[in-house]
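The values are calculated or read from the model by the stated rules, or taken from the named source; none is laboratory data. This structure is a prediction, so every number in the text was calculated from the model and none was measured. Cβ coordinates were reconstructed from backbone atoms using ideal geometry, including for glycine residues, and neighbour counts include every protein chain displayed.
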Amino acid sequence: MNLSQKDKLYNWHPYTQHKTAADFPAIVKGKDALLWDENGKEYIDAIASWWVNPFGHSNKIIADAIYKQLTTLEHVLFGGFTHNRAVELSEKVLSILPSNQKKVFYSDNGSTAVEIAIKAALQFFYNKEERRTKIIAFEDAFHGDTFGAMAASGISFFTEAFQGSLLEVVRIPVPTQDNEQEVLIQLESLLYSKEFAAFIFEPLVLGAAGMVMYEASALDKLIEICKKHQVFTIADEVMTGFGKTGKTFACNYLSQKPDMMCLSKALTGGTIPMAITTFTQEIFDGFYSDDVNKALFHGHTFTANPTGCAAALASIELLCTEEIQQNIKQINQLHLQFQEKIKTHHKIKVTRVLGVIFALEIKTEGQESYYGGLRNKLYNFFIEKGIILRPVGNIVYILPPYIITKEQLQKVYGSIEKVLEIV
Ligand SMILES: *Cc1c(COP(=O)(O)O)cnc(C)c1O
């Protein structure tokens with residue numbers, strides 16, 4: 001039995017119907033933008049392993065930082081203790097976030113970062129003896145798979161089985177040129193009810209929805225309305241954070257500042273699971289009291305794990321180098337050139353680019369489902385060609401690691417041109 005077959009004996013994979021799933025390639029090695037499976041087949045990782053890996057696989061600088069930390073202090077509990085790495089990382093992260101972000105809460109993944117933001121919003125009002133139990137989110141949003149995060153997520157088949165057990169969330173459409181005014185009015189009319197604690201959103205790009213993009217100016221207006229009604233705004237930058245949109249954070253495109261931010265995916269350069277939720281002073285102060293019951297009762301065993309912190313510090317340092325910043329610009333330029341070249345293709349409905357993110361929608365008859373037939377055809381075509389892309393329905397997107405070479409990226413573009421011939 002090879003690894004792929006053995007895997008089937010033991011493992012239950014995410015988002016997988018095992019009855020119909022093929023054998024999964026068993027990856028045994030990675031370097032930079034490349035991965036190799038047990039048969040020596042090479043793959044270009046054109047989605048940075050689910051958006052986590054900007055600096056390439058087996059990155060030596062991050063690996064060295066992790067090794068050094070593991071042999072100095074691998075872990076210590078964060079309840080009742082602190083450590084140098086958490087202090088350094090918080091100071092660093094706050095120095096690159098919007099200036100109103102003042103406090104850092106650590107957890108393990110994007111979903112927990114979102115849970116913490118939602119819990120903080122609800123408890124903030126509870127602590128003031130105000131009853132605000134609902135939140136607002138976008139249609140087709142994705143905020144994670146734990147209960148709170150899942151409630152905020154709007155991709156319906158992800159959450160269908162759990163309706164009735166979820167926090168109450170009211171959805172507004174993602175603003176477009178056509179509906180912006182209506183969306184603003186809808187949000188404002190909702191907020192008069194005083195039932196809402198927060199509005200959570202993926203700023204500028206809805207990743208899991210298929211890299212759906214909207215304007216910063218529209219988001220600014222939505223945030224402004226929330227501020228007017230004292231409803232907290234939560235920017236879920238789990239996907240967009242750390243350079244993906246061409247700026248360090250998508251929120252850097254805004255004039256307004258969100259009250260809370262969620263970070264995870266690229267935080268440690270794709271090495272160690274870790275997440276951060278950040279808060280304004282105002283939110284922190286809503287828990288600051290002589291009354292112990294007003295504390296935020298949330299924590300995870302591995303909160304602020306020093307090894308994760310060391311990986312994140314090395315990763316942020318890499319992000320800030322001239323070389324990586326140039327790479328981000330170059331990928332954006334190449335995406336724009338590719339977009340010019342194929343946007344009029346008769347099989348393409350629309351293309352979009354922001355930062356290192358490129359997406360195109362293939363024209364289809366009717367609605368193409370998330371994991372439907374066309375999606376599987378596209379996915380298998382790319383895998384066959386040794387390129388890892390995970391189309392969403394009829395949407396093909398690229399979100400490469402920043403260290404992908406020009407040649408590798410051209411190969412990815414070439415494979416997309418070829419796939420358009422067979423769909
Ligand atoms: C992936 C993602 C999450 C969930 O992160 P996990 O680490 O998978 O729990 C939350 N929000 C956004 C925007 C994401 O892209």
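Couple of notes before you dig in:
- Residue list for segment 50-61, filter: surrounded by fewer than 22 Cβ atoms within 10 Å (Cβ to Cβ) and in a helix (DSSP H, G or I): 50, 60, 61
- Of all the listed residues (342, 348, 362, 383), the sole one being crowded, with 19+ Cβ neighbours inside 10 Å, in the same structural domain as residue 43 (by the TED database) and either among the hydroxyl-bearing types (Ser, Thr, Tyr) or on the phi < 0 side of the Ramachandran plot (or both) is 362.
- Residue among 135, 155 that alone is touching a residue at least 12 places away in the same chain (Cβ under 8 Å), under 26 Å from residue 299 (Cβ atoms), in the same structural domain as residue 290 (by the TED database) and among the aliphatic types (A, V, I, L, M): 135
- Unique residue being under 13 Å from residue 105 (Cβ atoms), in contact (Cβ under 8 Å) with a residue 60 or more places away in the chain and out of contact with any strand residue (DSSP E or B) (no Cβ under 6 Å at 6 or more places or on another chain) when the list is 299, 286: 299
- Summed over segment 319-360, residues that are among the aromatic types (Phe, Trp, Tyr) and touching a His at 6+ places or on another chain (Cβ under 8 Å) total 1.
- Considering segment 126-234, the qualifying strands (runs of 3 or more DSSP E), each wholly inside and each with 3 or more residues that are crowded, with 21+ Cβ neighbours inside 10 Å, run over 134-138, 196-201.
- Residues (of a type in the set (A, V, I, L, M, F, W, C) and either within 14 Å of the ligand (Cβ to nearest atom) or touching a Cys at 6+ places or on another chain (Cβ under 6 Å) (or both)) located in segment 140-186: 141, 142, 147, 149, 150, 151, 152, 155, 158, 174
- Qualifying residue in segment 124-135 (condition: over 26 Å from residue 78 (Cβ atoms) and polar (S, T, N, Q)): yes
The rows are residues; the columns are (1) within 16 Å of the ligand (Cβ to nearest atom); (2) within 18 Å of residue 359 (Cβ to Cβ).
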| site | (1), (2) |
| --- | --- |
| 213 | yes, yes |
| 246 | no, yes |
| 255 | no, no |
| 262 | yes, no |
| 265 | yes, yes |
| 276 | yes, no |
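- Residue match in segment 62-81 (condition: in a helix (DSSP H, G or I), touching a Phe, Trp or Tyr at 6+ places or on another chain (Cβ under 9 Å) and among the β-branched types (Val, Ile, Thr)): yes
- Enumeration of residues in segment 96-109 that are buried (at least 18 other Cβ atoms within 10 Å of the Cβ) and either within 16 Å of the ligand (Cβ to nearest atom) or of a type in the set (Val, Ile, Thr) (or both): 104, 105, 106, 107, 108, 109
- Residue within segment 79-95 that is within 16 Å of the ligand (Cβ to nearest atom) and not hydrophobic (A, V, I, L, M, F, W, C) present: no
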